[in-house]
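The values are calculated or read from the model by the stated rules, or taken from the named source; none is laboratory data. Owing to the predicted nature of the structure, the values given are computational and were not obtained by experimental measurement. Neighbour counts are summed over all protein chains in view; Cβ atoms, including those assigned to glycine, are modelled from backbone coordinates with ideal geometry.
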Ligand SMILES: Nc1ncnc2c1ncn2[C@@H]1O[C@H](COP(=O)(O)OP(=O)(O)O)[C@@H](O)[C@H]1O
Ligand SMILES: [Mg+2]
């Protein structure tokens, strides 16, 4: 179980304190699929990074399976079974896709078949990619999918995916959605997926709308989706003022 207790994160800009996350508390039970959604700049990525240990909260506490992990490093959290896929994944010159999957799995002798399975889950063909380097020669969508495959290979207890749909074609997106659905059905991992996609939101046990660094709404997908739509329309000046942009 993951528990966030009164998490706040503030930065200082030009002598002013800017609150990025404001007093967020939430509990996620084991094997749930939870979607964080909400407007750009709302704080979703920062919240994910706080859970992974990439950002240290200004105040508050994070508990994982009852253990206080607030002061643990990224590596220590990874050892405890938490993994995070960046919104914009880094590239690793000199490291092949096969190397990356092998490292992630922790199995030095990871078979080609296994690699192929992970890559297929994200819509890639192993034959085309295993020996490619994870460098600038890959497109953004390819790097993204390879990183997601590496998280699948890591087989963590808690997997956090930051906008997995970004830069991915429709066919691969369908494949990926199926993969999330399968993991969820297998009941082997807890997943936090940051997403704006209705298809992913509808898979969630719980949807948490993050805006202005706070939890704005939370609930079942069927209850939250209409609210998201209402909010989206409500904040669009063209639609609310009933006319074309001036
Ligand atoms: N280190 C930082 N310094 C200044 N502003 C930051 C920093 N980290 C995040 N922000 C700001 O915090 C807000 C939330 O960012 P983010 O968590 O990336 O939002 P989301 O993922 O919901 O789009 C944004 O306005 C972003 O510019
Ligand atoms: Mg983000």
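Residue-level check: of (1) in contact with a strand residue (DSSP E or B) (Cβ under 9 Å, 6 or more places away or on another chain); (2) more than 16 Å from ligand 2 (Cβ to nearest atom), residue 84 misses just (2). The number of residues in the range 66-77 that are in contact with a strand residue (DSSP E or B) (Cβ under 8 Å, 6 or more places away or on another chain) and part of a loop (DSSP other than H, G, I, E, B) comes to 2. Could you tell me whether the range 129-140 includes any residue that is more than 16 Å from ligand 1 (Cβ to nearest atom), within 27 Å of residue 211 (Cβ to Cβ) and outside the structural domain of residue 200 (by TED's automatic domain parsing)? Yes, there is a match, as at least one residue in the range 129-140 is more than 16 Å from ligand 1 (Cβ to nearest atom), within 27 Å of residue 211 (Cβ to Cβ) and outside the structural domain of residue 200 (by TED's automatic domain parsing). Filtering the range 6-64 to residues that are away from ligand 1 (no atom under 15 Å from the Cβ), part of a strand (DSSP E or B), farther than 15 Å from residue 218 by Cβ and in contact with a helix residue (DSSP H, G or I) (Cβ under 9 Å, 6 or more places away or on another chain) leaves 60, 62, 64. Using the structure shown, decide if residue 227 is in contact (Cβ under 8 Å) with a residue 12 or more places away in the chain and under 17 Å from the mean Cα position of the chain (by Cα). No; evaluated as a whole, the condition is false for this residue. Here the helices (runs of 4 or more DSSP H) wholly within the range 97-198 that include at least 3 residues being touching a residue at least 40 places away in the same chain (Cβ under 8 Å) are 97-105, 140-154, 170-186.
Are any residues in the range 32-80 at positive phi and within 16 Å of ligand 2 (Cβ to nearest atom), and if so, which ones? Matches in the range 32-80: 38, 41, 43.
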